[in-house]
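Before any comments, here is the structure.
Read the figures in this text as sums done on the coordinates, not as results from a lab. Small disclaimer: the values here were computed from a predicted structure and weren't measured. Please note: Cβ atoms are built from the backbone with ideal geometry, for glycine as well, and neighbour counts cover all protein chains shown.
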Number of protein chains: 6
Amino acid sequence: MKIKVIMPITSDVFNEEIREEFKHYVGPHDSFDVENLDYGPASIESEFDEAMAIPDILNKVKKAQEDGFDGVIIDCFGDPGVNAARELVDIPVCGGFEPAMQIALGLGKNIGIVTVLPNVVSMLQDLISKMGIEKRVKSIRYVNIPVLDLGDKKKLEDALFNQSLEAIKNDHVQVVVLGCTGMMGMAHNLMKRLKEAGYDVPVVDPAFAAAMMVKNYVYMGLKHSRLTYMTPPVKPYKWWE
Amino acid sequence: MKIKVIMPITSDVFNEEIREEFKHYVGPHDSFDVENLDYGPASIESEFDEAMAIPDILNKVKKAQEDGFDGVIIDCFGDPGVNAARELVDIPVCGGFEPAMQIALGLGKNIGIVTVLPNVVSMLQDLISKMGIEKRVKSIRYVNIPVLDLGDKKKLEDALFNQSLEAIKNDHVQVVVLGCTGMMGMAHNLMKRLKEAGYDVPVVDPAFAAAMMVKNYVYMGLKHSRLTYMTPPVKPYKWWE
Amino acid sequence: MKIKVIMPITSDVFNEEIREEFKHYVGPHDSFDVENLDYGPASIESEFDEAMAIPDILNKVKKAQEDGFDGVIIDCFGDPGVNAARELVDIPVCGGFEPAMQIALGLGKNIGIVTVLPNVVSMLQDLISKMGIEKRVKSIRYVNIPVLDLGDKKKLEDALFNQSLEAIKNDHVQVVVLGCTGMMGMAHNLMKRLKEAGYDVPVVDPAFAAAMMVKNYVYMGLKHSRLTYMTPPVKPYKWWE
Amino acid sequence: MKIKVIMPITSDVFNEEIREEFKHYVGPHDSFDVENLDYGPASIESEFDEAMAIPDILNKVKKAQEDGFDGVIIDCFGDPGVNAARELVDIPVCGGFEPAMQIALGLGKNIGIVTVLPNVVSMLQDLISKMGIEKRVKSIRYVNIPVLDLGDKKKLEDALFNQSLEAIKNDHVQVVVLGCTGMMGMAHNLMKRLKEAGYDVPVVDPAFAAAMMVKNYVYMGLKHSRLTYMTPPVKPYKWWE
Amino acid sequence: MKIKVIMPITSDVFNEEIREEFKHYVGPHDSFDVENLDYGPASIESEFDEAMAIPDILNKVKKAQEDGFDGVIIDCFGDPGVNAARELVDIPVCGGFEPAMQIALGLGKNIGIVTVLPNVVSMLQDLISKMGIEKRVKSIRYVNIPVLDLGDKKKLEDALFNQSLEAIKNDHVQVVVLGCTGMMGMAHNLMKRLKEAGYDVPVVDPAFAAAMMVKNYVYMGLKHSRLTYMTPPVKPYKWWE
Amino acid sequence: MKIKVIMPITSDVFNEEIREEFKHYVGPHDSFDVENLDYGPASIESEFDEAMAIPDILNKVKKAQEDGFDGVIIDCFGDPGVNAARELVDIPVCGGFEPAMQIALGLGKNIGIVTVLPNVVSMLQDLISKMGIEKRVKSIRYVNIPVLDLGDKKKLEDALFNQSLEAIKNDHVQVVVLGCTGMMGMAHNLMKRLKEAGYDVPVVDPAFAAAMMVKNYVYMGLKHSRLTYMTPPVKPYKWWE
């Protein structure tokens, strides 16, 4: 199984870490390939950033199918371009949000998300509404750290721990979902600290979830419905390049 | 009042008709300016088309604010780029879907949409979910005519009449919303034919609705909430041009 | 365009102010006429008050159509008699609630209402449920000032500011709707104070919203669906007079 | 236990039948008193009719409390004036809709209503939304017989049987609620015919349901919450009489 | 009318009190019979406890129908085995939850439950979802007292009072439902204390509610729909005994 | 990875086929063990059957944890005993429904289930409500074949094909979920026939989905939240054996 991981930003600060983490995510039996965008934003923290990232994401998704990849991960919690990509190709395509919620839905009743910045909260509300799982998500909180500053792991972990505790105590949250694929490698330690604090709750890493769901679909021989995601009618497009 | 109408496609087949219609929509006291995209798809009939249209839409929205326009209409029923545009500017920005539904919500209980192609039905379901009005929309039907073939007015009107009748009779629809801004100038005749057939129901034209809602906001001194649509964090972007 | 404004209470304390405000609401191109009830309550602060106001409201709506008005505003946030009135006439009829929410739905994700008294909170919950927009309204708060005491503008504005701040900070509210048509002339100053406090959120005045929506419908040539609001079957009625 | 039955119309064609039926509904241990309106419509088939009935209903509810009744039934499926009445008195007040649905909710998953005329369907949708049980009601159908023609029992029963069958076969209905209190004495025969046709489903008579729920509340020492239904603030009222 | 009360636990500590209370619940005109389980848990405080109680509950429900009882109460708030029991018999069967909510739905808008332990909160969320009344239940709180310790009436009453106050003040609750049938005899005193504290709200006792609803169904000649609760297909079963 | 597959019925007709299929489901790197019930029903086609199966299911789940299994599949679409099992153990436990829906949620907008008998439709409605995904499931249909007759593969496949076609054409279904774990080995051929008929839709096999989700959880180091599924309080139990 050969998975393409599209890192939908032009910054490469996460690349080395992603390669290390994905070895763990996809396991020894599968191969993967990580690729940045050539055109787009340095990071995704708004609908504007998403809009600027999507055209090159779609280029790279089409290319991945042509290159014989079995599935594609668009490695961002906001699922940028996922629906459009599914219109274009016949291999499974996952972002971070939908897989993370799919994984979370089987772990407990009340789900809470802890994301990066207040800017993306409305986008996450939209994703929750589109997925139709409003009844299950009780809380969206944020650590107030920009994506490109997530490298300070100690600060991030403390902030995630504090916001998760608030979500559990005040918002009845029972399952924590990390709301940014840049929060790699945090889930298990966070889970351990929460358990030590008296709360034995699962913490879902969205990139890990994405890897699992793409692998599930490939392994099961399933792809997205072509009645939901129809092939775009052929027509002329003008572009900068 | 000075309104910018962005026609979010590269094709200019609708331009003359739009200029004629918008004279009626905005009325004699307000001025407007219609502008096509330089980059993007010839028409919008998929999420892929939307994705390819949005970057240049956003350029033109920013430009409109700089040029002193009071409000912007992105003249497409799918509301492409509306949320991202609101992040970027402090003047009202409307697409076609949200205003059409706002207008329809005050006209009757059960709303039905008649759109162009099956390809966009899932996108409309997403828009309905994001707006949180699932309880009010009972039906999404389509005339199965591509956007760029909407010029055959007789064929279009008959197809709209037939689908509206089906929606009223089978889906309990009481208010019809035209699901494409390319269906300009159809609403009143359709309303007349439905009334003659025994169904006194309103038919909402989304471009007209967009014009009214932008004018409402400008006149009332209101713009979108900056807590929902926050200004994007500053960062580097790479682009083709 | 000729709009009838029915002030659905027997008290005339608001009349002068309403006449001043509506000049601004309907604008220079349209005329309007304000009329009190002859029979009914001094103010509306309960379902009982509404019930006692509605019969004379309906008389006056019918009269307005006979007198050639193009549309009717029932100037109360609770929309008293709006549905029954729509059964009776073929011109647009709006109260305060529905138009205010229609305007608010296009301004931000999470809406909050600040009304007068705790007595009307359940009525507003019913209006929200009937409109089918439960997902969008996050908060109903009140200033605890009776309608007929709203004349103390300084006290009112401070109370509105405080409750709006609470709604924003505690209830995730991003758009504020004033929950009484007696709160005329408050919206812009309130918006300014909230912005100075760091929250750039729109504040919707329901009487202004009503004027805009009635004008929209008249201008667009639309009226309510006669499949939702059917003409009442003819039958005998006995009345006091 | 002493129950007041307010027949909220000025026509007395149902009175004898109501007195006979209510003997069965309230049982031998309780007494009841049936009273028509002095002012209002001959029958209730629209929101206008409701509006014209409610003021005298409220007079009679207040009188019933003063006269020492233990509970009040407003004998109409549309629950006219029920909320306002609860604001006014401290004894249980029930219409027909809410009790019928309370009874139906414990009998099966999918509920269907069969009412009189298309005119009241939107009113019933509003009642369902206000009660918050949209998920449970799958169908609203009508026999297309005006209230005052319900005396032709054979025609009514056949029409109810046919519409119930359609609801069961096409709308997945598993519990039938009769949507008019004028359909007295129909439930058991209808239930028998449906069972003979192969569908062992309960049929709920709303007047019978109302009698049971009022008796439940009196017997249990419960009345409506005064936080939902607050006492109306004291103020002047002008009226015709 | 002859009602079977199944106390779905093997402990008999509640039996004397149940017999005293049910005299009041069913009234002088009806008889009832209380029976414990032979096999199952000492009390029900988890889904595991429910699962272990249900087989013997079902034995006893079948036996009750064979013995000529008119209706069955499974005297536990969690409604253990109610659906399966309805598949097996043609007499009304009620647990505590559904009847308590049916009674509560007619008493006020916002309902709150106060139950025993945090362990059962998720089960109650499931019951609320299955009943489809999510919009009406605003709060689930618990006194943190195990079922078999509910005998300390003073401690229980104080805890119920405190949690009810919190629910009213913080969760907008207007109707309190006691979330355990072991909280017999508490409702009226609790209601009195809440009223003295300024909150005139009803408190619903689930065992009392169950008695009323079973009696309603028997008196009205109604039983559950056999389209919702179909007779189980005949097949072999192996069991321990 | 060592997975316990509990076949929650006493009949062993499926065992050989299950062993063959699960080799494919869990793949070459994982081992599994299939075990029937000693006590319970021959098949599960009602809530009664579920109730009789659950006690021995729970015995076997506890045993599986003691025996060092990494996860448990309760191989039935109705998820019998899953919640109670999660209270008892600290390893992942999945039935068929929840995993099938988790897999389906990422494949398309409108989901339809095709199950065995009308008897289980209400149970599936409850599962959908409890999972909170009502907005996504558009249709529940059945082939009307008892579980123990599913061995006639040709008849089953034709019936599944016909019902899937109806679901797609009439109910807007875009993703088909097989509603019984006894429909093993059907998904791919059914998908092929639907594609040949013009509908390129995914078909989800619930047993395969269950295998994937349990493996996901084990691989990700996640188990269910102990705040949703708390350990049952210790107490005496009496049982037949």
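Global size of the range E:103-150: 11.6, 32 Å for Rg and Dmax (C-alpha atoms, Rg to one decimal, Dmax whole).
Label sites at A:D67 and D:N162, each approximated as a point 7 angstrom past Cα along Cα to Cβ, lie 6.7 nm apart. Each other copy places its own label point for F:P28 at 1.4, 8.2, 8.2, 8.3, 8.4 nm from this one, sorted shortest first, where the point lies 7 Å along the Cα-to-beta carbon line.
Which FRET efficiency value, to the nearest 0.05, is calculated for F:V13 and D:K23 with the Förster distance at 51 angstrom and r the Cβ-Cβ distance? Please list the in-between numbers first.
Working: r = 59 Å, r/R0 = 1.15.
Efficiency, from the Cβ-Cβ distance: 0.30.
Within 10 Å of the Cβ of each residue in F:193-205, the mean number of Cβ atoms contributed by other protein chains is 3.
Please compute the Kirkwood hydrodynamic radius of chain A from all pairs of different C-alpha atoms, in Å with one decimal. For chain A, the Kirkwood estimate is 18.1 Å. For a paramagnetic label modelled at 7 Å from the Cα of E:K195 toward its Cβ, which residues of the range E:106-121 fall within the zone defined by backbone nitrogen distances under 17 Å? Taking a point 7 Å out along Cα→Cβ of E:K195, the residues of the range E:106-121 whose backbone N falls under 17 Å are E:107-108. The residue in chain A that lies nearest, by its beta carbon, to the axis linking chain A with chain D is given here with the distance in whole angstrom as A:K135, 6.
Direction-averaged projected area, Cα convex hull, the protein assembly as shown: 48.0 nm², rounded to one decimal.
Treating r as the C-beta distance of A:E134 and A:M1 and R0 as 30 Å, the FRET efficiency rounds to 0.35.
Per-residue ellipticity at 222 nm computed for chain C from its helices equals -13500 deg cm²/dmol, with DSSP H segments shorter than 4 residues left out and the rest contributing -39,500 (n - 2.57). The Rg/Rh ratio of the range B:142-221, with Rg taken over Cα atoms and Rh as the Kirkwood radius over Cα pairs, comes to 1.02. For the range B:168-241, the list of trypsin sites (Lys or Arg not before Pro) that fall in a loop by DSSP and count at most 10 other C-beta atoms within 10 angstrom is empty.
So what does log10 I(q)/I(0) come out to for the range A:98-206 at q = 0.11, 0.20, 0.22 Å⁻¹, using the Debye formula with one equal point on every Cα and no solvent? Debye curve over Cα of the range A:98-206, log10 I(q)/I(0) at q = 0.11, 0.20, 0.22 Å⁻¹: -0.29, -1.01, -1.24. For F:V93, nonlocal amide neighbours, meaning residues 5 or more places apart or on other chains whose placed amide H falls under 5 Å from its own, are F:V72, F:H224.
Checked against a 26 Å cut-off, the cross-linked pairs B:K169/C:K138; A:K169/E:K169; B:K2/C:K62; D:K215/E:K154; D:K62/D:K130; B:K154/B:K195 give Cα-Cα distances beyond that limit for B:K169/C:K138; B:K2/C:K62; D:K215/E:K154.
Amide hydrogen proximity for C:V5: with H placed 1.01 Å from N in the peptide plane, the residues at 5 or more positions away or on another chain lying under 5 Å are C:D33, C:V34, C:E35, C:I73. Label points for F:H172 are taken 7 Å from Cα along Cα→Cβ. From this copy to the others they lie 1.4, 1.4, 2.6, 2.9, 2.9 nm apart, shortest first. Counting Cβ atoms of other protein chains within 10 Å of each Cβ in B:115-122 and taking the mean gives 4.
In a DSSP loop and with at most 13 other Cβ atoms within 10 Å, there are no chymotrypsin sites (Phe, Trp or Tyr not before Pro) in the range A:68-116.
So what is the relative contact order of the range D:98-206, in percent, for Cα pairs below 8 Å that sit 6 or more residues apart? Walk me through the numbers before you get to the answer.
Details: 163 pairs, mean separation 37.0, N = 109.
Once divided by the residue count of the range D:98-206, the mean separation gives 34 percent.
Each label was represented as a point 7 Å from its Cα along the Cα-to-Cβ direction; for E:H188 and B:Y237 these points are 7.1 nm apart. Hey, quick one: spin label on C:H172, modelled 7 Å out along Cα-Cβ, who in the range C:100-131 has an amide N within reach, i.e. under 20 Å? Only C:104-114, C:125, C:128-129 pass the distance filter. Under 5 Å between amide H atoms, partner at least 5 residues away or on a different chain: which partners does E:T115 have, H built in plane at 1.01 Å? Under 5 Å from the amide H of E:T115: E:R141, E:Y142, E:V143, E:G179. The GluC sites (Glu not before Pro) of the range F:114-179 include none that meets both conditions, a loop assignment by DSSP and at most 13 other Cβ atoms within 10 Å of the site Cβ.
Sorted from closest to farthest, the other copies place their C:K153 label points 5.1, 6.1, 6.1, 6.8, 8.3 nm away, with each point set 7 Å from Cα along Cα→Cβ.
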